[in-house]
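Undergrad: My questions all concern the structure below.
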Amino acid sequence: MKTCAQGSLNLLEMARFSNARIFQASTSEVYGDPETHPQHEGYRGSVNPVGPRACYDEGKRCAETLFLNYYRQHKVPVKVGRIFNTYGPYMRSNDGRVVPNLIGQALRNRPLTIYGDGNQTRSFCYVDDLIDAAQRFMATPDEVPVPLNLGNPAEITMLELADTIIALTGSRSRITFRPLPVDDPIRRCPDISHAREKLGWTPSTPFVEGLRRTIDYFESTLMAKGQTPSKAMTGS
């Protein structure tokens, strides 16, 4: 919460006094567990302000308020991008996100952990596409400060994600199920019509291709650490 609020305030003050343009990496979490699908920028969200995820959800919502107020009051040129699930090479293996978690488990032939029944959805955007969107957004005129959804509207269930990773890695892993965490969103998918209109942008990397590149990165990382990925070394 302090990072989102106080950290944003510090950077906004720096941008104000150095006449800099500033981009906020906001998040689809501002929509909470959405009641509208897909999520568009005008939707105000369904967030539990006292739940275990609230420090992040409400922190990012607070940061958006600060950014837009700095634009209104001090004319700081701000851009707010609501980033949906992003993946790709150089993710940390232990950062807790579903893509590195499942890839790491699959490469070690360990059970893939799925929370809930696996039918909850996410929309994954390859990192190169996301960077392209952010660069285009930063190049727009100062009078375009409104939040924009930045993500891939192609929706996939967690079970489909796990099955795809098993197939691409050649893993012998099975799927195990654990209880769904409190306030974990059931569906997550961006409406990117505004990004298409204002940025001329649409994600271009096919999910399987992006996932294959990400798996290759984690496979090489394991080998560099002297660990044996399932596919590369066993021929399975």
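Each value in this text was obtained by applying a stated rule to the coordinates, not by laboratory testing. If you're wondering where the values come from, they're calculated on a predicted model, not measured in any experiment. Glycine also receives a Cβ, built like all others from the backbone with ideal geometry; neighbour counts cover every protein chain displayed.
Undergrad: Using a Förster distance of 25 angstrom, determine the FRET efficiency expected from the C-beta separation of Arg172 and Asp117, and round it to 0.05.
TA: On the way: r = 23 Å, r/R0 = 0.92.
The computed FRET efficiency comes out at 0.60.
Undergrad: Roughly how many debye, to the nearest 20, is the charge dipole of region 2-234 about its Cα centre, given +1 on each Lys and Arg Cβ, -1 on each Asp and Glu Cβ, and no other charges?
TA: Working: 28 positive and 25 negative charges, 118 e Å.
Charge dipole of region 2-234: 560 debye, to the nearest 20.
Undergrad: Okay, moving on. Name the long-range amide H neighbours of Thr121: under 5 Å, sequence gap of 5 or more, or other chain; modelled H, no Pro or chain starts.
TA: Arg187, Arg188
Undergrad: How much length is gained if the chain between Ser220 and Met1 is pulled fully straight, taking 0.36 nm per residue apart and subtracting their Cα-Cα distance, in nm to one decimal? Intermediate results must be reported in sequence, preceding the final value.
TA: Values: separation 219, 0.36 × 219 = 78.84 nm, distance 3.50 nm.
Full-extension gain reported as 75.3 nm.
Undergrad: So what is log10(I(q)/I(0)) for region 1-71 at q = 0.19, 0.20, 0.22, 0.28 1/Å, when the Debye sum runs over its Cα atoms only?
TA: Cα-only, vacuum Debye calculation for region 1-71: -0.76, -0.82, -0.93, -1.23.
Undergrad: Non-local amide H neighbours of Val80 (under 5 Å, H modeled in plane, Pro and chain starts lacking H): which ones?
TA: Gln24, Leu148
Undergrad: Sticking with this one: Counting residues in region 45-110 as N, plug N into 2.2 N^0.38 Å and put the Cα Rg over that result. Write down the numbers at each step before the final one.
TA: Numbers: Rg = 17.1 Å, N = 66, 2.2 N^0.38 = 10.8 Å.
Rg over 2.2 N^0.38 Å, computed on Cα atoms: 1.58.
Undergrad: Return the tail of the calculated pair distribution for the chain, meaning the percent of Cα-Cα pairs more than 22 Å apart. Provide the component values of the computation, followed by the final result.
TA: Numbers: 15735 of 27730 pairs.
Here the tail beyond 22 Å accounts for 57 percent of pairs.
Undergrad: Same structure, new question: Which aspartates and glutamates does Lys60 reach when only Cα atoms under 14 Å apart count, and residues fewer than 8 places away in its own chain are ignored?
TA: Glu29
Undergrad: Using r as the Cβ-Cβ distance of Ala25 and Tyr90, and R0 as 25 Å, what FRET efficiency do you calculate, to the nearest 0.05? The partial results should precede the final answer.
TA: Numbers: r = 16 Å, r/R0 = 0.63.
With R0 = 25 Å, the Cβ-Cβ based efficiency is 0.95.
Undergrad: Considering Cα pairs under 8 angstrom that are at least six residues apart, work out the relative contact order of the chain and quote it in whole percent. Can you show the working numbers first?
TA: Working: 407 pairs, mean separation 59.9, N = 236.
For the chain, the relative contact order is 25 percent.
Undergrad: Rounding to the nearest 10 and keeping the result within 0 to 90°, find how far the Cα-based axis of helix 158-169 lies from the longest principal axis of the chain.
TA: 60 degrees
Undergrad: Continuing with this model, one more query. Quick check: pseudo-label points 7 Å beyond the Cα along Cα→Cβ at Arg97 and Asn48, how many nm apart are they?
TA: Result for the modelled spin labels: 2.4 nm.
Undergrad: Here's a follow-up. How far, in degrees from 0 to 90, does helix 98-107 lean away from the longest principal axis of the Cα atoms of the chain, to the nearest 10?
TA: 20 degrees
Undergrad: Using only Cα atoms, what Kirkwood radius does region 133-225 have, in angstroms?
TA: Values: mean 1/r = 0.0607 Å⁻¹.
For region 133-225, inverting the mean 1/r across all distinct Cα pairs yields 16.5 Å.
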